[in-house]
1. So, taking all protein chains as they sit and a 1.4 Å probe, how much accessible area belongs to Cys72, in Å² rounded to tens?
2. Amide H to amide H under 5 Å from Gly51: which residues, 5+ apart in sequence or cross-chain, H placed 1.01 Å off N in plane?
3. If I take R0 = 25 Å and measure r between the Cβ atoms of Phe105 and Gln12 in this structure, what FRET efficiency does the formula 1/(1 + (r/R0)^6) give, to the nearest 0.05?
4. Take the solvent-accessible surface of the protein heavy atoms, probe 1.4 Å, and return the percent of it on region 76-138 that carbon and sulfur atoms account for.
5. How much accessible area per residue does the chain have, counting only protein heavy atoms and a probe of 1.4 Å, in square angstrom?
6. Which one of Ile132, Gly47, Met1 has its Cα pushed farthest toward the positive end of the charge dipole of the chain, where Lys and Arg give +1 and Asp and Glu give -1 at the Cβ?
7. What is the gain in length, in nm to one decimal, between Glu41 and Leu4 on full extension, counting 0.36 nm per residue of separation less the C-alpha to C-alpha distance?
8. For region 21-97, just say rounded, prolate or oblate: build the C-alpha gyration tensor, square-root its eigenvalues into a ≥ b ≥ c, call rounded for a/c under 1.5, and beyond that prolate if a/b exceeds b/c, oblate if not.
Amino acid sequence: MGDLEINLSHSQQAKAWAAEALYRYNTEATGIDDRAPIGAEVCDPAGKVWGGLWGRTELGLLFLDMFFLPHCLRGSGYGARLLAVVEEEAKRRCCHRAVVETSSFQAPGFYANQGYEEFGRIDFGVAAHSRIFLSKLL
């Protein structure tokens, strides 16, 4: 396989192909094929989505990928309720632990209040900010 090139890329098609190949490898290595999307949304009576929580379950883990609530809904209890709904569904899927990453200026306090514990932190290089990794036993 000589003469291969390495190029910077933004190709979603190439990324999707590689993700599928990696998932097949993981499935072959573990014998477990259980990856599934998970999420919950806050909607008004007309069906407009105001925010939500999305991720995936896989290999007994709940991975929280994106959690957004507009400023006007923060502190109202909707975040805790969204998280509880997703965690309950993850437990139904036999997940035993949840994992999330957040930024120091986003929601580490929220996750700590919901029982998550920090297990890692990496500074951004932007004054006093870092990426924080948290997990929780479900």
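The values are calculated or read from the model by the stated rules, or taken from the named source; none is laboratory data. Given the structure is predicted, the values throughout are model-derived calculations rather than measurements. All Cβ positions, even for glycine, are placed from backbone atoms using ideal geometry, and neighbour counts span all protein chains on display. What goes into the accessible areas is simple: the full protein's heavy atoms, side chains included, and nothing from ligands, DNA or RNA. Shrake-Rupley method; radii C 1.70, N 1.55, O 1.52, S 1.80 Å.
1. 100
2. It is Val42, by chain and number.
3. 0.35
4. C and S fraction of accessible area: 54 percent.
5. 70
6. Gly47
7. Gain in length upon complete extension: 8.9 nm.
8. Here region 21-97 falls in the prolate category.
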